[in-house]
Every structure is written in C-alpha cells, then in structure tokens.
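A.B. asks: Can you read through this structure? Questions will come right after.
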Amino acid sequence: MRVSADIGKAAIRLTSEIINTAVLLTVMVLFAFGCYAIWDSNQVYAAADAVRYQDYKPLDAHGISSFQDLQATNPEVLGWLTVYGTHIDYPVAQSNDNLKYINTDATGKRSLSGSLFLDSRNGRNFADFSSIIYGHHMDREAMFGEITEFSDRKYFDARQYGSLYFDGRQHGLEFFAFIHADAYDDTVYRFKITGQAERQAYLDMLMERAVNLRRDVQVTPGDRVVLLSTCSSGATNERGILVGRLTDTVHEDTFQTNATGAATIPVIGALPGLAAQLPPWVWAAASLLLIGSAIAIIREKRRISTKRPAATRPQRR
C-alpha cells in the first residue's frame, strides 16, 4: 500500500512539474511575443515620423540640393507637402499604380507606414483641376493621422494654410472644406475634369458635402484643387478628405515660429521613438530578467508548498 501511495505522490508531483513547466513556457512565449510586438510597432511609427525626412526638406534655395538627393535615391518623389499646424510634413511620391506606396517609403524601401503619394492618374506637375494625395491614417500624429482632426470645427478654423513644393518652387495651399466620402465614390474621386461647367459642378458638390466644415473662400473653375485623402475611423470604406486650392501666395507658417522667431521642427511620438531606437539586446535582456524572476518565484513557491510543517511529520517510536 505504501508503495502505491508513493507512486501516486510521485505521479502527482510529475504532473505538477509538467503543468508548471508548460505554464511557464507559455508565459515566456507570450511575454517574448508581447515585447516583440511593442518593439515592432514602435519601429513602424519611428519609420513614419516626419522628423526622419527633415534633412531632405526643400526649405529654401540652400535646401533644394538635399531634396534633390532624395530624388536621386528615389526618382518617383515629386514634391513635398506641409499642412501648417500639424505634423504633416512629408515628401510626396507617385508610381504608375496606387499600390506601391502603401507599403513603400519615400526612399523606396519597404515600410508598413508607406508614403504620401499622388494618385497615378494625376499629372506630376499638379496641372489637373483636381489632384488627390493619399496617406495612411496612423496614430501618434504620423502620416495623415491628423487629417480627420479637421472634422472638429475649432481644429478646422485654426488651420487654413499649407504649402506644396513641386517643379522647383513652393506653392501655397488654402484649405476650404473637409468632407467624408466612400472610397469608391466616383463623384468625389474624379479625374480629368474639363470644362467650366463641369468644374463648377464639382466645386458645388464639394461645398455641399462639406456642410459646416467649409470656409467662405472664392474658389473658381480656373483654380486647381488638391484633395488630401485618408481612412476614417468610421465604416471600413469611409474616407476623410481635406480640400484645398493651390495658390501662388505661400503664407507664413505661424505654427512653426516660436517666441524668438526661430523656426521649430515638431518632434512626434518622442517617447515611442526613443523606445524604438533601443537595440534588440536591451529588449532581450529585459525579457530574460523578467523570465528569470518568474522562474525564481515559481521555484520558491514550489519549495514552500512541498515542505511539510514539523507538526505533521510522523514521530519516531
């Protein structure tokens, strides 16, 4: 009987060991996966940070050469878009289809954050009456993540201007409407709009769709309009679109000037960006430290649970 009891206890201990080990391995795997997911997510947002491209920005005559360096790296880069009062400050590319720059950055490298890109059906010189620029809707104020903020009236009213660099010089942007549309709405996503009447009808449609999110700006069929389109937080196919007109007047970016009059560059996602810059061995060391602590705790608990109190030990006769 005693042998049977000892075998039963041994089997229970073995089963407990197996279960504890399995639980520990599961925790280790999940923890490691969680650390990797955080690291990978931070890498994506770091790649989408506008600051990454600031050295290429064509600020003035002295900055054009750096922009030309970017174009030498990727000839499909055609311009630079800035929306004042936001972190939208990126190069714009264009491919022969609208899929490439969903997962390709402005340097031509594969990236989940992609790049801002002009619709493949538009001309590179923005000579079309209606040109459409797309960008991912991302958190942490990256890419076109702030476009949908224009659906708030106060936000919309406070941000009227931007700039668009192409053909070797800066052009102004004056935003006059924000609308929601379906991704397959061809009344909004139209190209090659010709004729005064057709252009006026298109402008009237945009203003009607804008409802309360529009400005009393005199836009005529002789102007050129630019639509900044991104995904919205609503339905799957819903898009948020900020509409502006191209102008020869480039307004001062008052959001970029501090009290001393010096230009400032916004830094987005400072803490996530710092975390993303940590080398993998730091994450691995932190993981091993936590896993080692978990193993030590489990072993100590097992030792305490298997140690009999003195009062329950059999007495020698």
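A.B. asks: In the range 131-188, what residues are under 29 Å from residue 67 (Cβ atoms), among the hydroxyl-bearing types (Ser, Thr, Tyr) and assigned to a helix (DSSP H, G or I)?
C.D. replies: Hit for the range 131-188 is 148, nothing else.
A.B. asks: Restricting to the range 189-208, name every residue that is in a helix (DSSP H, G or I), surrounded by 16 or more Cβ atoms within 10 Å (Cβ to Cβ), within 32 Å of the chain's Cα centre (by Cα) and not aromatic (Phe, Trp, Tyr). Show your work before the answer.
C.D. replies: Here is the first cut: in the range 189-208, the residues in a helix (DSSP H, G or I) are 196-208.
Subset that is surrounded by 16 or more Cβ atoms within 10 Å (Cβ to Cβ): 199, 202-203, 206-207.
With the extra rule that they be within 32 Å of the chain's Cα centre (by Cα), the set shrinks to 202-203, 206-207.
Within the range 189-208, 203, 206, 207 meet the criteria.
A.B. asks: Working only within the range 69-110, note down all residues that are surrounded by fewer than 17 Cβ atoms within 10 Å (Cβ to Cβ) and touching a residue at least 60 places away in the same chain (Cβ under 8 Å).
C.D. replies: none
A.B. asks: What pairs come up if the first residue lies in the range 144-167 and is assigned by TED's automatic domain parsing to the domain that holds residue 127 and closer than 16 Å to residue 245 by Cα, the second is part of a strand (DSSP E or B) and of a type in the set (Asp, Glu), and their beta carbons are under 8 Å apart, counting only those six or more places apart or on different chains?
C.D. replies: 160/174; 161/174
A.B. asks: Among 60, 69, 55, 40, which is at pLDDT below 65, among the charged types (D, E, K, R) and not in a loop (DSSP other than H, G, I, E, B)? Quick ask: steps written out before the conclusion?
C.D. replies: Working: 60 fails: not in a loop (DSSP other than H, G, I, E, B); 69 fails: at pLDDT below 65; 55 fails: at pLDDT below 65.
Step by step, each of 60, 69, 55, 40 is checked, and only 40 is at pLDDT below 65, among the charged types (D, E, K, R) and not in a loop (DSSP other than H, G, I, E, B).
A.B. asks: For the range 130-143, which residues satisfy the criterion of being of a type in the set (A, V, I, L, M) and either outside the structural domain of residue 106 (by TED's automatic domain parsing) or within 24 Å of residue 224 (Cα to Cα) (or both)? If you could, list the steps in order and put the result at the bottom.
C.D. replies: At the first step, the residues of the range 130-143 found to be of a type in the set (A, V, I, L, M) are 132-133, 138, 142-143.
Within the range 130-143, 132, 133, 143 meet the criteria.
A.B. asks: Also, quick follow-up: Please go through the range 202-218 and pick out each residue that is touching a Leu at 6+ places or on another chain (Cβ under 9 Å) and either aliphatic (A, V, I, L, M) or not assigned by TED's automatic domain parsing to the domain that holds residue 244 (or both). Give the derivation first.
C.D. replies: Initially, the range 202-218 is screened for residues touching a Leu at 6+ places or on another chain (Cβ under 9 Å), giving 206, 214.
Residue satisfying the conditions is 206 alone.
A.B. asks: How many of the residues making up the range 93-121 are in contact with a Ser or Thr (Cβ under 8 Å, 6 or more places away or on another chain) and either small (Gly, Ala, Ser) or part of a strand (DSSP E or B) (or both)? Break it down into steps so the answer makes sense when it comes.
C.D. replies: Initially, the range 93-121 is screened for residues in contact with a Ser or Thr (Cβ under 8 Å, 6 or more places away or on another chain), giving 93-98, 101, 103-108, 110-111, 114-115, 117-120.
Next, only the ones that are either small (Gly, Ala, Ser) or part of a strand (DSSP E or B) (or both) stay: 93, 95, 104, 106, 108, 110-111, 114-115, 117-118, 120.
Total meeting the criteria: 12.
A.B. asks: A follow-up question, please. For the range 214-246, which positions are among the polar types (S, T, N, Q) and free of Cβ contacts under 8 Å to residues at least 24 places away in the same chain? Before you say what the answer is, go through the steps one by one.
C.D. replies: Step one: list which residues in the range 214-246 are among the polar types (S, T, N, Q), which gives 218, 220, 229-230, 232-233, 236-237.
The answer is 218, 220, 236.
The values are calculated or read from the model by the stated rules, or taken from the named source; none is laboratory data. All of these numbers come straight from a predicted model, not from anything done at the bench. Positions of Cβ are backbone-derived with ideal geometry, glycine not excepted, and every protein chain shown enters the neighbour counts.
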